[in-house]
Amino acid sequence: MRYAFFVGCTTLARLPSYEVSTRKVAEALGVELLDMEGAGCCGTTYLKCIEPRTALALAARNISIAEDMGVNIVTLCNGCTEVLTDANNTLKEEGELREDVNSILAEVDREFRGKVEVKHFVRMFLEDLGIDKIRARVSNPLEGLRVAVHYGCHLLKPFKIMNFDDPEDPTSLDELVNITGAVSVDYPGKLDCCSAPLLTIKRRNELATEIAREKLSTVKKYADIMITVCPFCYLMYEQSQMPPNNPIDIPIVHYSQLLGLAMGIDYQDLALNENRIDASVIKNFQNR
Amino acid sequence: MTEANSSDEKQTVIKLQDLDTSLQEEISKIPGCEKLMLCFQCGTCSADCPVGRHLNEYKPRLIAMMTKLGMKQALFQGDLLWLCTQCYTCLERCPQNVELAEIISALRGIAAREGYLHPSLKKVIEALANHGYIYEITEFIEEDREMRELPPVPKVNIGEVRKIMRMTGIDKLVGIELEED
């Protein structure tokens, strides 16, 4: 299986552990991730509000690169996933908009043809690989580890665009956690937003931190670690436990790192030593 | 400016005959925002808003009402519109399917066109125009990738990005200079 790998700005610039662990796991599962030469920022959820035409055209430019490669796109960031999926759906469905965007893309010798799909790796794992195939690769189950799953908003919402799982009662990521031998625990506020977008807005850092810490305090009562599938959510929850904030000591772990460990990949090779909230508690659940 | 449009905080009475209905008309025509007028102020959006729970002055229900009443000044001032995290919880749960998150997005677009783009967002768009990413991909990042045996960061075709930004007028809207390539 081959995909155009849309890593996204935030992972590229700030979170190599997410990319490294995803590449390791993909390789072990026989998934080939191809570089998208010439691709850039997805367009951001902000640009979608401010000037939808710019956002559509920038997203379409990225998608057209995958079309040239003849493969579907796989993403790491919930935000990129929503922006690219929205543009892809809209341009596939609406002829007039597609003509308009293609008249812009023609100026840079590109064309949106509507030939590929965009999937977050969680969705690709479930829909393309299949859960049984992944389960079969779990060699070192993490028996007894209690995991708080954080889906992040744009993996699921708005449903009219994402059309995946159930936005009010999702199970996809819980299933993916449970096959690692760990247990996805239920907890209040599971679907709450991480609030990372507020970090962009001047002087709203404290508000964002307060929102994130509320969820972390709940998670602390129910779980040993929290897993995320988006660089923004990851950074938000990690950062809000760092000084000058008081510690909460909930390790934030990429799903790719959790699965990698359960597949027998080395802790260090998954860059787990780079997680700023020490995640070594997981080692207590290995090889029991 | 009509009274309903006034930013005078002491004003408590909004006279129906002074309402500026142009905003509700403009918003209701935007795809996704058609159901604005169906809002019956139940407050599900406010109750479930992750930001509203922590910040008293942020109540999505009020944004819906202010839009219906045409209170542009109050909506566009400060960072009110920019506090939505776009989690879409309100959109999924509205009993009237109002899609308030989409309405807030559309209001941001109108605010930007009328000169009220939040300065923090201007910086994000500037970065995108400069680097093709919202961050600069520094030499340090590239060296770190090399050490990790990761492929280099995809080289953005920045000329294409800037041309698209120019053609769609985002440079003028946001007030940034884009050099011709």
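What follows draws every value from the coordinates through simple rules; no lab data is involved. Model, not experiment: these values are computed from the prediction. For neighbour counting, all protein chains shown are included, and Cβ atoms are generated from backbone atoms with ideal geometry for every residue, glycine included.
Some points to look at:
- Rounded if a/c under 1.5, otherwise prolate or oblate - region B:119-174, Cα gyration tensor axes: oblate
- Whole-Hz couplings from phi, Karplus 6.51/-1.76/1.60, listed for region B:30-36; x for Gly and Pro: 7, x, x, 10, 4, 9, 3
- Backbone amide hydrogens, once placed in the peptide plane, bring A:His120 within less than 5 Å of A:Thr75, excluding anything fewer than 5 places away on its chain.
- Among the GluC sites (Glu not before Pro) found in region A:115-183, those both in a DSSP coil and sparsely packed, with 14 or fewer other Cβ atoms within 10 Å of their Cβ, are A:Glu143, A:Glu168.
- Computed magnitude of the charge dipole of region B:119-174 (debye, nearest 20; Cβ of K, R +1, Cβ of D, E -1): 520
- 3J(HN,Hα) couplings calculated from phi for region A:167-179 with the Karplus curve 6.51 cos²θ - 1.76 cosθ + 1.60 (θ = phi - 60°) are, in sequence order, x, 9, 8, x, 10, 4, 6, 4, 4, 5, 6, 4, 6 Hz; Gly and Pro show x.
- Taking chain B as a whole, the Cys residues whose C-beta sits 4.7 Å or farther from every other Cys C-beta are B:Cys33, B:Cys39, B:Cys42, B:Cys49, B:Cys84, B:Cys94.
- FRET efficiency for B:Gln77 and B:Glu143, using Cβ-Cβ distance with R0 set to 56 Å, rounded to 0.05: 0.80
- Positive-end residue of B:Ser46, B:Tyr88, B:Thr168, charge dipole of chain B with Cβ unit charges: B:Ser46
- Classified by the C-alpha gyration tensor, region A:81-227 has an oblate form. Its axis ratio a/c, with a ≥ b ≥ c, is 1.5 or above, and a/b does not exceed b/c.
- Here the 3J(HN,Hα) profile of region B:170-178, calculated from phi with Karplus coefficients 6.51, -1.76 and 1.60 at θ = phi - 60°, is 5, 5, 5, 4, 8, x, 10, 8, 10 Hz, Gly and Pro shown as x.
- Partner shielding of B:162-173 amounts to 5, given as the average count of beta-carbon atoms from other chains within 10 Å of each residue beta-carbon.
- Cα-centre dipole for region A:35-153 with unit charges at Cβ (Lys and Arg positive, Asp and Glu negative), debye to 20: 580
- Taking Cα centre as origin and charging only the Cβ of basic (Lys, Arg, +1) and acidic (Asp, Glu, -1) residues, the dipole magnitude of the protein assembly as shown rounds to 980 debye.
- Over chain B: helical MRE at 222 nm, DSSP H runs n ≥ 4 each giving -39500 (n - 2.57), nearest 500: -12500 deg cm²/dmol
- Cysteines, chain A, no other Cys beta-carbon under 4.7 Å: A:Cys9, A:Cys41, A:Cys49
- Helical runs assigned H by DSSP (4 residues or longer) give chain A a calculated mean residue ellipticity at 222 nm of -12500 deg cm²/dmol, each run adding -39500 (n - 2.57) before division by the residue total.
- Derived from the Cα gyration tensor, the three semi-axes of the equivalent ellipsoid of the protein assembly as shown are 37, 28, 20 Å, largest first.
- Folded to 0 to 90 degrees: helix A:95-105 orientation relative to chain A principal axis, Cα: 90
- Overall, the anisotropy analysis places region B:14-113 in the rounded class: the square-rooted eigenvalues a ≥ b ≥ c of its C-alpha gyration tensor yield a/c less than 1.5.
- Spin-label model, A:Asn178 to A:Arg203: label points 7 Å out along the Cα-to-beta-carbon direction sit 4.8 nm apart.
- Of the peptides A:211-223, A:89-101, the ranking by mean beta-carbon count within 10 Å, highest at the top, reads A:211-223, A:89-101.
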